[in-house]
Each structure stands twice: as structure tokens, then as C-alpha cells.
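Only the coordinates and a few stated rules stand behind these numbers; no lab work does. If you're wondering where the values come from, they're calculated on a predicted model, not measured in any experiment. Backbone-built Cβ (ideal geometry, glycine too); neighbour counts: all protein chains shown.
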Amino acid sequence: MRAARVGWMLEYTGAHKVFLLEGGFQAWRKSHFPTENRPLEPEAKIFQIRPMSRVLATADEIRSDRSAQILDVRSEGEFTGKEGRECDKRRGRIPRARWLEWTNFIDDGKRFKTRSEMASVLKKRGLNKNRSAVVVTYCHRGARAAAAYYALRSLGYGKVRNYVGSWHEWSARKNLPVEK
């Protein structure tokens, strides 16, 4: 989930070629891909930050876009409001949100499940793969949502956005409704 969050942040800032290494470095080595153990001199480059708003969802957009599909990827207890974190001002979920814990996308905590396994879970949850529909992922602060973001993108969902403010921001804003 942390790698997905960093990948999403890089993509948001304008990096065009962001990839996640499935299973991490251990999987790379296990697959016998080449490695080197020598110091390299990095080539200096200037990275211009150009925020890509198409990958970001905001609270105001979620509230105003009634057609967006909202996917809460927190634990079931967080979704129902039975559990919460001390820093959250309120418990519950964003109205209209569907629940699918982010771990449904991950196999053994190390890599994403196969596309067919993930597609099967999403089909059971009734998430629409309409390429023109916006799907917003959220969790507590955007890390678990970033993993779900990449899982949905790998399945061909066309307009996926991560609400990085997530429940931490939503619960703090008293003008936003909460469902339990």
C-alpha cells in the first residue's frame, strides 16, 4: 500500500511512467531478473511539478458529482462506524459509498491478486466498469485507496481518482454529511 501511495503521488505530480514492482525486490530476484551491486552516478534532471487533477478527487467534487461511484476501502468496522481512529472527528462513511476492503486486491500481503480474481470480487460488489464513470477510492488518508486505485486501473477502469484527504478530512469537515 505504501508503494502504491508513493506511485500515486508521483503520478499526481506529473510523472508519466509510474510502475509498481509486484512483490517488491524479493520477487524481482526470485524471477532471476538482472541486478547490479555497484555505485551509480545519477544524471541530474529537473522535474517540473505539473499536478494532474484527473487522478485526484476532492471532497467538494465527491459531494457534487452524484454519478461518481465511491469505493470505501477501509476495514468493515471503519465503514460501519463501529471502529475509528482517535484523530477522526466523526465515525461512519461518505454517503453512497460502497465497501470493499483494500485487502481484496492483495494476495498474501505482497502483491496484487490476478486481474480475474479482482474482477470477480468487483463484479460481486456491483461496481460498474463503465469507462466514462468516475470511480473514487478513499480510506483514512489515501494509502490503502492508492492500492485500490492501481488495482482498478489495471482492470481497465477509465476514470479512477484517489481522494487523498479521505476519511480524515471528510470527518473533520462538519458541513459534509456522514452515513452510518
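Proximity of backbone amide H atoms, modeled 1.01 Å from N, is registered between Gly23 and Phe112 at under 5 Å, excluding neighbours fewer than 5 places apart on the same chain. Using θ = phi - 60° in the Karplus curve 6.51 cos²θ - 1.76 cosθ + 1.60, the 3J(HN,Hα) couplings for region 20-30 round to 9, 8, 4, x, x, 4, 4, 5, 4, 5, 4 Hz; x is entered for Gly and Pro. Working from Cα positions, state the angle (0 to 90°, nearest 10) between the long axis of helix 2-12 and the longest principal axis of the chain. For 2-12 against the chain, the angle is about 90 degrees.
Using a Gaussian network model of the chain in which every pair of alpha carbons under 10 angstrom is joined by a spring, one finds that among Ala148, Ala68, Ala44 the greatest mean-square fluctuation is at Ala44.
Put simply, the amide H of Ile106, placed in the peptide plane, has neighbours under 5 Å in Lys113, leaving out anything fewer than 5 places away on its chain. The loop-placed GluC sites (Glu not before Pro) in region 1-51, going by DSSP, that have at most 15 neighbouring Cβ atoms within 10 Å of their Cβ come out as Glu22, Glu36, Glu43.
At q = 0.19 Å⁻¹, what is the base-10 log of I(q)/I(0) for the chain according to the Debye formula with one equal point scatterer per Cα and no solvent? Please give it to two decimals. Values, matching the q order: -1.30.
The long axis of helix 115-125 is offset from the longest Cα principal axis of the chain by roughly 0 degrees.
Computed 3J(HN,Hα) for region 93-108, one whole-Hz value per residue from the Karplus formula 6.51 cos²θ - 1.76 cosθ + 1.60 where θ = phi - 60°, is 8, 6, x, 6, 5, 9, 9, 7, 4, 4, 5, 5, 9, 10, 9, 6, glycine and proline marked x. Look at the alpha carbon pairs under 8 Å that are at least 6 residues apart: their mean separation over the length of region 2-172 gives a relative contact order of 27 percent.
In which sequence would Glu61, Glu86 go, from the one with the fewest C-beta neighbours within 10 Å to the one with the most?
Numbers: Glu61 15, Glu86 4.
Fewest-to-most Cβ neighbours within 10 Å comes out as Glu86, Glu61.
Determine the relative contact order of region 132-172: mean sequence separation of Cα pairs under 8 Å and six or more apart, normalised by residue count, in whole percent.
Details: 58 pairs, mean separation 21.2, N = 41.
The normalised contact order for region 132-172 reaches 52 percent.
Give the total of Lys-Lys pairs in the chain with Cα-Cα distances below 23 Å; include a pair only if its members are 8 or more places apart or on different chains. Step by step, the pairs that qualify in the chain add up to 18. Here's how it looks for Val134: its modeled amide H is under 5 Å from those of Gln69, which are all 5 or more places away or on a different chain.
What shape does region 1-82 take by its C-alpha gyration tensor, where a ≥ b ≥ c are the square roots of the eigenvalues and a/c under 1.5 counts as rounded, a/b above b/c as prolate, and the rest as oblate? Oblate. Report for the chain the percent antiparallel among DSSP-assigned beta bridges with both residues inside it, nearest 5. Looking only at bridges with both residues in the chain, the antiparallel portion is about 20 percent. Distance between the 7 Å Cα→Cβ label points at Lys17 and Ser120: 3.5 nm.
Separation of region 1-70 from region 95-122 is 19 Å, based on Cα centroids.
Think of it as helices only: each DSSP H run of n ≥ 4 in the chain is worth -39500 (n - 2.57), and spread over all residues that comes to -9000 deg cm²/dmol at 222 nm.
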